[in-house]
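Bear in mind that the values in this text are calculations on the coordinates, not laboratory data. Model, not experiment: these values are computed from the prediction. Every residue, glycine among them, receives a Cβ derived from its backbone with ideal geometry; neighbour counts consider all protein chains shown.
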Amino acid sequence: MSTIAIFGANGTIGSRILDEALQRGHQVTAVVRDPAKITTTHPNLTVTTGDVLAPASVAAVAKDQDVLISAVGGGDGPGHLATIKPAAESLVAGLRTLGDAAPRLITVGGAGSLRTPDGKQVWDAEGLPEFLLQIMHAHGDALDFYRSVSDVRWTNLSPAASIEPGERTGSYRTATDDLVTAVDGSSRISTEDYAVAVLDEVEQPRHLGERFTVGY
Ligand SMILES: NC(=O)c1ccc[n+]([C@@H]2O[C@H](COP(=O)([O-])OP(=O)(O)OC[C@H]3O[C@@H](n4cnc5c(N)ncnc54)[C@H](OP(=O)(O)O)[C@@H]3O)[C@@H](O)[C@H]2O)c1
């Protein structure tokens, strides 16, 4: 059993990570801006408030945890630009204040920077709308930042190109920097199976200090 705090625990992806962590018997702290948005009750669940953009808030919730997960998003394109890399910097700054007692950090990333079979990156595809490019590059900038960090145990998990609520199959494939695609060329993962991959990484760390990705 691990102690796990989750920023964004009421979000689309964060709520699945919360459910998967509770189902596996971990002690979970949901860190939210509005506690009313957490409707789950469970003996292993604590709900607290926090702001991922404030290092002191990060340190306060991360203290005494084994793992800190961030599944925050910024809504639209400009919101992501204002949230994702600043959150990365705040998470790392907050964890640094805890020194050797800092928990591992696992963050939800984006698919935009993943390599495609033609040797390009997902965000090089023609015709992508501006808001999506902003979201992709917000995650790319955050990943560049994480890659400059060697004193915090971070892992960044990029979803497949498509991630939507669906079935928990318990099966997925991983890669490091290459988009995971099925034989039909599609790249997708359910939020439930993405959460399985996050909790598998919590329980068996395989990607310390790197980004990896999951898909079918
Ligand atoms: N294929 C892909 O690459 C792909 C696809 C989908 C999503 N994603 C990424 O996955 C992440 C999560 O997506 P999602 O769909 O689950 O997002 P979501 O449903 O919009 O949830 C975002 C969460 O972040 C929280 N949050 C935002 N700012 C915060 C702050 N300053 N402090 C604390 N919490 C904060 C929100 O809290 P409130 O409820 O209080 O606002 C909410 O719980 C995003 O970064 C998104 O870009 C990637």
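Assorted remarks:
- Applying a DSSP loop filter and a limit of 14 other Cβ atoms within 10 Å to the trypsin sites (Lys or Arg not before Pro) in the range 132-216 leaves Arg206.
- Sequence-separation-based contact order of the range 105-216, relative, with Cα cut under 8 Å and 6+ spacing, percent: 33 percent
- Counting DSSP beta bridges with both ends in the range 3-215, the antiparallel % (nearest 5): 10 percent
- Over the chain, Cα pairs under 8 Å with separation of 6+ residues give a relative contact order of 19 percent.
- Gyration tensor verdict on the range 115-215 (Cα atoms; rounded if a/c is under 1.5, prolate if a/b is larger than b/c, oblate otherwise): oblate
- The DSSP beta bridges internal to the range 1-121 are antiparallel in roughly 5% of cases.
- Excluding exposed DSSP-loop GluC sites (Glu not before Pro) (at most 14 other C-beta within 10 Å), longest clean stretch of the chain: 1-125
- Cα convex hull, the range 3-215: 113 Å³ per residue, rounded to a whole number.
- Relative intensity of the range 160-216 on a log10 scale, I(q)/I(0) at q = 0.14, 0.27, 0.28, 0.30 Å⁻¹, equals -0.34, -1.15, -1.20, -1.30, per a Debye sum over C-alpha point scatterers of equal strength in the absence of solvent.
- A simple count of charges around Lys120, restricted to other residues whose Cβ falls under 14 Å of its Cβ and scoring Lys, Arg +1 and Asp, Glu -1, yields -4.
- Inter-part distance where the range 158-195 and the range 17-50 are each reduced to a Cα centre, Å: 24 Å
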